[in-house]
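This report refers to the structure that appears directly beneath it.
We did not get these values from a lab; they are worked out from the coordinates using the rules stated. Because the structure is predicted, anything quoted here is derived from the model rather than measured. Cβ atoms come from the backbone with ideal geometry, glycine included; neighbour counts cover every protein chain shown.
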């Protein structure tokens, strides 16, 4: 169904391998805030929960680093608004 979410710092994106390709959420960092700017999931995998798995994994990493998240991307914003367990990460 897909592997673990990885942080490709050189590309500025978190990635998740799926059977149809790589899902990604692009970001930039400013001091202690990670701004999520864009999410992409392979079309064949849309509606399968890959985007949510990707964002959840990215936010776990943000928490582990002691940082905050700024959800510029509408998908990430919706995820954070509907998951109380990550709302404390909002910048």
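Stretched out straight at 0.36 nm per residue, the stretch from residue 30 to residue 44 would grow longer than its current Cα-Cα span by 1.7 nm. Across the range 1-57, Cα pairs under 8 Å and at least six residues apart give a relative contact order of 29 percent. Its DSSP H runs of at least 4 residues, each contributing -39,500 (n - 2.57), put the calculated 222 nm mean residue ellipticity of the chain at -8000 deg cm²/dmol, to the nearest 500. Using R0 = 25 Å, the C-beta based FRET efficiency linking residue 91 and residue 20 works out to 0.20. A compact globular protein would have a Cα radius of gyration near 2.2 N^0.38 Å; the ratio found for the chain is 0.99.
Relative to the dominant Cα principal axis of the chain, helix 50-64 is inclined by about 30°. Label positions at residue 11 and residue 78, each projected 7 Å from the Cα along the C-beta direction, are separated by 2.3 nm.
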